[in-house]
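In what follows, a structure is listed as structure tokens, so that the remarks can point back to it.
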Amino acid sequence: MTDLATMRDTALARIEEAGDAAALEALRVEFLGKQGSISALMKTLGKMSPEERQSEAPKIQALRTDVADALAARKDAIDGAALEARLATETLDLTLPAPHAPRGSVHPVSQVMDELAEIFADLGFSVATGPEIEDDWHNFTALNMAETHPARAMHDTFYFPDVDSEGRRMLLRTHTSPVQIRSMVQQGAPIRIIAPGRVYRSDSDATHTPMFHQVEGLVIDKGIHLGHLKWTLETFLKAFFERDDIVLRLRPSYFPFTEPSVEVDVGWQDVGGRRVLGGDGDAPGHGWMELLGSGMVNARVIEFAGLDPKEWQGFAFGVGVDRLAMLKYGMDDLRAFFDGDQRWLDHYGFSPFDQPTLSAGVGAKA
Ligand code: DAH
């Protein structure tokens, strides 16, 4: 009797002192395990007389229950303390600044191309594309630049050593104008397209890179004249530069694929030592800068593309996309466009959320 009471007190005291889950488990094995001291007591019941068993069994059972309860209670306490300790150390300070996460941006060339597509879509133009690896028929011949034409040399072409199945020399297209031919051949007339894309010339300095971007415009329909060309370019440039005071000057020029050909200048004004587009190009402190080439599509080009020039006329224009971006967003070195310098991209790049729309502004910058 006294033995059981002592065993109980000792067991409960040791359980109470168990410092962690491992120590507690060792005690459980010591008392209640197969070879445990209380399990051994249970086994003695079998050897007792019925009377003795009747009086001893409840006491041993009670001891077993007390020890089991004490183990369970101590386990709860130890687990609870461990959880408290973990919660105390695993804190998250929500007032800390968010860590820097690398984030891509939309290159100004892509942004400007999206702006162009948006502006011209509003005028009923769709976007056409052509291959960057062209043949010399589409790039030159069909654009009225014969084999001996001096303009071919001006283009400083990157040629491939091979010819295609029709014996045409392959090259990296030197301008987006071959898309004019491809569109007419594929779609017939009428046509209203712009064709933005990469072009290549063997040329390199601060304002020339071996690869750059152009956008071509082409309208083919009936009764098209220079007035349509001027209105279209004026409407486009006002929307693109987001200014109503953009003025244009059309100068006679020469391109083999247009007749007549016009070079288009845009007026600028001096604002605190900076040239800002807009204003009257002829006034003091104002001037003109050459922006793009255009003209009425040469009848020979329309014929080359398989259409009847007596029935169909049109105008075309070509302009440097990189140059448009520089004029609008203020970069001064074209080479930086293609360096992939993260600092430049962070500064001049656009958020993907800056989708150009005519309603929100084609140049909206967050
Ligand atoms: N293809 C010319 C170039 O790359 C630009 C150009 C001039 C395109 C006049 C045209 C045009 O469509 O009509 O220099």
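The values are calculated or read from the model by the stated rules, or taken from the named source; none is laboratory data. Just so it is clear, the model here is predicted, and its values are computed rather than measured. In this analysis, Cβ positions are derived from the backbone assuming ideal geometry, glycine residues included, and neighbour counts consider all displayed protein chains. The protein model used for the area step is the full one, side chains on, heavy atoms only, and it has no ligands, DNA or RNA in it. Shrake-Rupley method; radii C 1.70, N 1.55, O 1.52, S 1.80 Å.
Compute, for residue 160, the solvent-accessible surface of its heavy atoms (probe 1.4 Å) with the complete set of protein chains present, and express it in square angstrom to the nearest 10.
For residue 160, the solvent-accessible surface is approximately 70 Å².
How much mean residue ellipticity at 222 nm does the chain get from its helices, if each DSSP H run of length 4 or more adds -39500 (n - 2.57) and you divide by all residues, to the nearest 500 deg cm²/dmol?
-12500 deg cm²/dmol
Which order do you get for 109, 247 if you rank them by accessible area with a 1.4 Å probe, largest at the top?
Listed by decreasing accessible area, they come as 247, 109.
Show 106, 67 ordered by accessible area, largest first, where the area counts protein heavy atoms only and the probe is 1.4 Å.
106, 67
In debye, nearest 20: dipole of the chain around its Cα centre with unit charges on the Cβ of K, R (+) and D, E (-)?
Once rounded to the nearest 20, the dipole reads 560 debye.
What is the packing order of peptides 3-10, 56-63, taking the mean over residues of other C-beta atoms within 10 Å and listing the highest first? The partial results should precede the final answer.
Values: 3-10: 12.5, 56-63: 14.5.
Per-residue Cβ counts within 10 Å, averaged per peptide and sorted highest first, yield 56-63, 3-10.
Build a GNM of the chain with springs between Cα atoms under 10 Å: which of 334, 218, 83 gets the top mean-square fluctuation?
83
Could you give the accessible area per residue of the range 2-89, probe 1.4 Å, as a whole number in Å²?
Values: 5750 Å² over 88 residues.
Result: 65 Å² per residue.
Just the number please: accessible area per residue for the range 108-348, 1.4 Å probe, all protein chains included, in Å².
46
In terms of modelled amide H atoms, which long-range or inter-chain residues lie less than 5 Å from the amide H of residue 291?
HN-HN under 5 Å from residue 291: 264, 265, 266.
Let me have the relative contact order for the range 108-348, percent, based on Cα pairs under 8 Å that are six or more residues apart.
Normalised by residue count, the contact order of the range 108-348 is 20 percent.
Choose one answer from 217, 285, 273: the residue with the largest mean-square fluctuation in a GNM of the chain with alpha-carbon springs under 10 Å.
273
Where the only charges are on Cβ atoms (+1 Lys, Arg; -1 Asp, Glu), what is the dipole of the range 176-245 about its Cα centre, to the nearest 20 debye?
300
Accessible area of the chain with a 1.4 Å probe: how many percent of it is carbon plus sulfur? List each step's numbers first, then the result.
On the way: 10820 of 19870 Å².
Reported share for carbon and sulfur atoms: 54 percent.
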